[in-house]
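J.: Below you'll find the structure I mean.
The values are calculated or read from the model by the stated rules, or taken from the named source; none is laboratory data. Bear in mind the structure is a predicted one, so any value in this text is a computation, not a measurement. Note that each Cβ is placed from the backbone with ideal geometry, even for glycine, and that neighbours are counted across all protein chains shown. The protein model used for the area step is the full one, side chains on, heavy atoms only, and it has no ligands, DNA or RNA in it. Shrake-Rupley method; radii C 1.70, N 1.55, O 1.52, S 1.80 Å.
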Amino acid sequence: MSTVKLSQWETMLLEAARAHGLVDEEIIHKLRTGDREPFADVEGGKYDYTPLFELYQSDSAALEQAIRDGYQIKFTTMNGIKFLLNKRYRLLAEQDYQVEETALDQVRLSDEALQWMRQTISKNWRIVEQAKLADSKETVVRFELAAS
């Protein structure tokens, strides 16, 4: 089974809903029934979930697979990575890690988070392990734009 590829915007909508407390099966059920109401509360109605509903209409199996089994972002920007770090792991730019022109530095991630980021972000980024923290089972990493 191949990994489903989603646009960065689709993944941002999905991760914002998860961060708001919606669980995967609940998201799938709401998409399946066309119930947009729960999404209206995500970050005070900041996002229009129409693209996720349209994707579900055109390819429900792929979107359900992406929600349940993971996905890869077609093309990830630096802001996309910052968004994921914030929504999934509550990490804030310039507070929890440094932001450079083409990199994010000193990002502390659990092994599980690191594995998830590796499989999720697009291949235009490279994740460089800088240090293993034995006491916390975390790894300090650097996200760098990969040379094209």
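J.: With the structure loaded, tell me whether Arg90 is on the phi > 0 side of the Ramachandran plot and open to solvent by 30 Å² or more (accessible area, probe 1.4 Å) or whether it fails that test.
T.: yes
J.: Any residue that is within 14 Å of the chain's Cα centre (by Cα) and without any contact (Cβ under 8 Å) to a residue 60 or more places away in the chain - is there at least one of those in segment 44-56?
T.: Within segment 44-56, none of the residues are within 14 Å of the chain's Cα centre (by Cα) and without any contact (Cβ under 8 Å) to a residue 60 or more places away in the chain.
J.: Looking at segment 107-116, is at least one residue open to solvent by 40 Å² or more (accessible area, probe 1.4 Å), under 17 Å from Ala147 (Cα atoms) and out of contact with any strand residue (DSSP E or B) (no Cβ under 8 Å at 6 or more places or on another chain)?
T.: No: segment 107-116 contains no residue that is open to solvent by 40 Å² or more (accessible area, probe 1.4 Å), under 17 Å from Ala147 (Cα atoms) and out of contact with any strand residue (DSSP E or B) (no Cβ under 8 Å at 6 or more places or on another chain).
J.: Going through segment 31-44 one residue at a time, which ones are under 28 Å from Ala113 (Cβ atoms), open to solvent by 40 Å² or more (accessible area, probe 1.4 Å) and assigned to a helix (DSSP H, G or I)?
T.: Glu43, Gly44
J.: Please go through segment 45-87 and give me each residue that is of a type outside the set (S, T, N, Q), in contact with a Ser or Thr (Cβ under 8 Å, 6 or more places away or on another chain) and not in a helix (DSSP H, G or I), ordered by number.
T.: Gly70, Tyr71, Ile73, Lys74, Phe75
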